[in-house]
1. Taking just the alpha-carbon atoms of region 166-300, what radius of gyration and Dmax come out, in angstrom?
2. If we count every other residue with Cβ under 12 angstrom of G294's Cβ, Lys/Arg +1 and Asp/Glu -1, where does the sum land?
3. Determine ³J(HN,Hα), in whole Hz, for all residues of region 323-332 in sequence, where each value follows from phi through the Karplus function 6.51 cos²θ - 1.76 cosθ + 1.60 and θ = phi - 60°; x replaces Gly and Pro.
4. Can you work out ³J(HN,Hα) from phi for every residue in region 281-286, in order, using Karplus 6.51 cos²θ - 1.76 cosθ + 1.60 and θ = phi - 60°, giving whole Hz and x for Gly and Pro?
5. On alpha-carbon atoms, Rg over Rh for the chain using Kirkwood Rh?
6. Hey, what's region 136-228 come to in accessible area per residue, 1.4 Å probe, Å²?
7. In the structure displayed, which of K93/K118; K16/K55; K56/K212; K16/K113 lie more than 20 Å apart, Cα to Cα?
8. Residue-wise, which Karplus ³J(HN,Hα) couplings in Hz belong to region 206-216, taking 6.51 cos²θ - 1.76 cosθ + 1.60, θ = phi - 60°, and x for glycine or proline?
Amino acid sequence: MGRIGVLLLNLGGPDKIEDVRPFLYNLFSDPEIIRLPVKALQKPLAWLISTLRAKKSQDNYLEIGGGSPLREITEAQAEALEKKLKEMGQDVKIYIGMRYWHPFTEEAIAQIKNDGIKKVVVLPLYPQFSISTSGSSFRVLEEMWATDEVLQEVDYTLIPSWYERPGYLRSMADLIEQELDKFPNPDNAHVFFSAHGVPVSYVEEAGDPYQKEIEECTRLIMETLGRSNEYTLAYQSKVGPVEWLQPYTDDALKELGDRGIEDLAVVPISFVSEHIETLQEIDMEYREVAEEAGIKNFHRVPALNVYPGFIDSLADLVVDSIDAEPCTFESVTHPNENMKMYPQEKWQWGLTTAAEVWNGRLAMIGFFGLLIELLSGSGPLHMVGIL
Ligand SMILES: C=CC1=C(C)c2cc3[nH]c(cc4nc(cc5[nH]c(cc1n2)c(C)c5CCC(=O)O)C(CCC(=O)O)=C4C)c(C)c3C=C
Ligand SMILES: [Fe+2]
Ligand SMILES: [Fe+2]
């Protein structure tokens, strides 16, 4: 076997403030992020939402220094992982493939082909699987493998999720423990897991295992922690008009404040790096909500970043995957009848008429929405919560 490639998948984030709008456009162009029944509408709607959301999003990025730290942290993780795997006697090269910003997944794959890699371990940096995150990146890769003869010569294996790995759980428990021990009375502090939300329809209609994996993950972390602290799980970062997984983080914080909880250790759970939703949303917005609710000591547990125990656990995971039976696209993106990864699949029949009707309706809604929004500065998109 030749040299092995490890492809780290991540979301990507704008490096600088000018990148925010095109980054948002890429994000909203993804059918796994906005699930529309008709493909032709995806790009116009992505353009509309990214243009209208850019200002608010830019303001948030300005509060954390004008860009996302995600690229830098992911590169540091890649370097640490490569070093660890080399120490373990593995001849591997690590690649980074971001879904919505540089270095794009397409760039990583071009490099993998260039380097003549014969086997790739695909490792998403999301501990839990969601259609909207790892699923979306797997779909991009699946399309590349299906259409590229050179890639078809490259063996691959996917790691769908890894939230139950003991080394990951131990690392999370270590960081929580360190934060708890900063409270005068550590046993009294409440552990508050804040997961990134997804729309309820992903779980209930599309069969996304995300909620189940998040719940199981928090339970396992608490078990590993082995302390008697009470804990809560809530979901943050809701975007748009539809219902997302509940309880929402801000509501849960208010409820804990009402119950007289004063010491809170907040744990970001869906992501292993610091990013805008830890540094801005939790550290600034939710901190304010919590303090207004009467929570006096709001401590945020840091993201894993390059925590040594975490890097070691990723290295073990890669080695185990090299040895195991390969896991293919088919088994992850179409595991059973109930999971609907690609929203447009079920619309392929009779597409022309349906597409025409939807095109017409949504174009009208979009056009008038934009007009009202531009004229009044506050229109339907504000009302439904997208902006
Ligand atoms: C596991 C983590 C994540 C899930 C699940 C997820 C789903 C999801 N996200 C949006 C919309 C947006 N996400 C944005 C940024 C963003 N999202 C995640 C992670 C998950 N998203 C991260 C780590 C980041 C930040 C990257 C960075 O710059 O550091 C944004 C842009 C920021 C903003 O304007 O708020 C949007 C929009 C949806 C709709 C969704 C599920 C369907
Ligand atoms: Fe997101
Ligand atoms: Fe957000």
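1. My reading of the Cα-based Rg and Dmax gives 14.5, 45 Å.
2. -3
3. Once θ is set to phi - 60°, the couplings for region 323-332 become 7, 7, 3, x, 9, 9, 4, 3, 6, 9 Hz.
4. So the J values, rounded to whole Hz, are 5, 6, 5, 10, 5, 6.
5. My calculation of the ratio gives 0.97.
6. Averaged over the residues of region 136-228, the accessible area is 42 Å².
7. The answer is K56/K212; K16/K113.
8. Working through the residues one at a time gives 8, x, 5, x, 3, 4, 4, 5, 5, 4, 5 Hz.
The values are calculated or read from the model by the stated rules, or taken from the named source; none is laboratory data. Since this is a predicted model, take the numbers as computed values, not measurements. Note that each Cβ is placed from the backbone with ideal geometry, even for glycine, and that neighbours are counted across all protein chains shown. To get the accessible areas, we keep the full protein, side chains included, count just its heavy atoms, and leave off ligands, DNA and RNA. Shrake-Rupley method; radii C 1.70, N 1.55, O 1.52, S 1.80 Å.
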